[in-house]
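For reference, the structure is listed below as structure tokens.
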Amino acid sequence: MNRCLLLRVSLLLSLLCVCARVYVELKGSSLTPPAVTMATDAASTLKHHRRIPRWKIDLEPWAAETRGLQEEARRFLRYISTPQVSCERPASVPPVFDREDHGSWVLCLDRRFSLAQRIASKHCRVYSLRLAADDDRLERMLAGSGCEVHCFDPSLRSAHLQEEHMWLHRLSVDWRDPNPDRLHTHTHSRRKIKDILNSFGHRQVDVLKLDLESAEWKVLENLVLERVLDSLGLLLLELHLHWPGFEVGGDEPSVIRYWFSLLRELERAHYRLYHSYSDPNKPRLILHRNIQNASSSFVLGWVNTRFLPQG
């Protein structure tokens, strides 16, 4: 009888201890304000998200349920033809920066952004990625203004050349998938933008110009996936629309949807389109079709509205 009584008392005390512990934990958690809990959870989620690399961009919804070529093309052409922000040219800027002096490539020198001040203080840095480009007026003008200009072109005869503030590098820019599970053959003459920045010790570039004869899509995708966009102030981009571009696959509506989605990634990274130029001398072909009589070549200018120069 005594043993049964002792067993019952022990069970009762154990149950009371468990109840007391549950009460204390619930009471403690209720003292934490919901806003603090939500903020902590959000910060943890954001931190976890940043640790996870991206292997592909996020595709935008289709322009229409039909997923047709004409609908996708209309949305895309309207998007690249409509500037999102106006760049006012300060009166103090020398005439050498006028548009006619460097063709269809236009700089954003608005005082709301940093480029004009960086040029005036001769602290600007320019990267130009090109493939046997003949038109280097913009690069030479910026070099003559005191900017540090680096041109990367695999067609150069010498590995490295220097002309005043202008450095020429025989280098092809890579864009391959950053997934480390995939094996690639890397050479010294083929490197990604992030690797070039690290090897040169450059944390930021004030102007990045891409004139890559249809390789621009995959290079731009690499800039997004490897989070290089935050390091750039201005992005000048020539688009070639007569065919999908290097390593861009899918049917015609899917290709244009991919183009549109890639440019929308720029907008999500706080870039705004300030300049759009349609070359009237190029064929009126998009993916080998005449669509809205649009040119196969556009030059776009994007400004990073959150760019903060360092040093």
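Sort out which residues of segment 277-294 are touching a helix residue (DSSP H, G or I) at 6+ places or on another chain (Cβ under 6 Å) and of a type in the set (Gly, Ala, Ser), and write them in order of number.
If the condition is that a residue be touching a helix residue (DSSP H, G or I) at 6+ places or on another chain (Cβ under 6 Å) and of a type in the set (Gly, Ala, Ser), then ALA294 is the only one that fits.
When you scan segment 112-154, how many residues do you find that are charged (D, E, K, R) and within 23 Å of the chain's Cα centre (by Cα)?
7
Within the bounds of segment 59-68, is there any residue that is open to solvent by less than 60 Å² (accessible area, probe 1.4 Å) and either modelled with pLDDT under 90 or closer than 22 Å to PRO280 by Cα (or both)?
The answer is no, given that none of the residues of segment 59-68 is open to solvent by less than 60 Å² (accessible area, probe 1.4 Å) and either modelled with pLDDT under 90 or closer than 22 Å to PRO280 by Cα (or both).
Being open to solvent by 20 Å² or more (accessible area, probe 1.4 Å) and touching a Leu at 6+ places or on another chain (Cβ under 7 Å) is the requirement here; does SER231 meet it?
When the stated conditions are applied, SER231 passes them.
Among residues belonging to segment 197-215 that are over 16 Å from the mean Cα position of the chain (by Cα) and farther than 22 Å from PHE298 by Cβ, point out the one that is most open to solvent (accessible area, probe 1.4 Å).
Filtering first and then ranking leaves ASN198.
Taking only pairs six or more apart or across chains, which ones have beta-carbon atoms under 8 Å, a first residue in segment 146-173 that is outside any strand (DSSP E or B), and a second residue that is among the hydrophobic types (A, V, I, L, M, F, W, C) and open to solvent by 20 Å² or more (accessible area, probe 1.4 Å)?
Cβ pairs passing all conditions: ASP153/LEU131; ASP153/ALA132; ASP153/ALA133; PRO154/LEU131; SER155/LEU131; SER155/ALA132; ARG170/LEU156; ARG170/ALA159.
Hey, could you check segment 102-139 for residues that are more than 17 Å from CYS87 (Cβ to Cβ) and among the charged types (D, E, K, R) and say which is surrounded by the fewest Cβ atoms within 10 Å (Cβ to Cβ)?
Here the residue is ASP134.
Is there a residue in segment 166-187 that is within 25 Å of TRP243 (Cα to Cα), at pLDDT 90 or above and open to solvent by 20 Å² or more (accessible area, probe 1.4 Å)?
no
From the list GLU88, GLU72, which residue is modelled with pLDDT of 95 or more, acidic (Asp, Glu) and either surrounded by fewer than 17 Cβ atoms within 10 Å (Cβ to Cβ) or under 26 Å from ASN222 (Cβ atoms) (or both)?
GLU72
Which is open to solvent by 40 Å² or more (accessible area, probe 1.4 Å), more than 19 Å from ASP174 (Cα to Cα) and modelled with pLDDT of 95 or more, of LEU285, LEU273, LEU241?
Result of the check over LEU285, LEU273, LEU241: LEU285.
Which pairs turn up if I take residues in segment 237-265 that are over 14 Å from LEU210 (Cβ atoms) and look for partners that are among the charged types (D, E, K, R) and open to solvent by less than 10 Å² (accessible area, probe 1.4 Å) with beta carbon separation below 6 Å, at least 6 apart in sequence or on another chain?
PRO253/GLU72; ILE256/GLU72; ARG257/GLU72
Considering each of ASP279, ASP251 in turn, give the residue that is over 15 Å from the mean Cα position of the chain (by Cα) and open to solvent by less than 50 Å² (accessible area, probe 1.4 Å).
ASP279
The values are calculated or read from the model by the stated rules, or taken from the named source; none is laboratory data. Only a predicted model underlies this, so the values are computations on that prediction, with no experimental measurement involved. As a convention, Cβ positions derive from the backbone with ideal geometry for all residues, glycine included, and neighbour counts pool all protein chains shown. Accessible surface areas use protein heavy atoms only, side chains included; no ligands, DNA or RNA. Shrake-Rupley method; radii C 1.70, N 1.55, O 1.52, S 1.80 Å.
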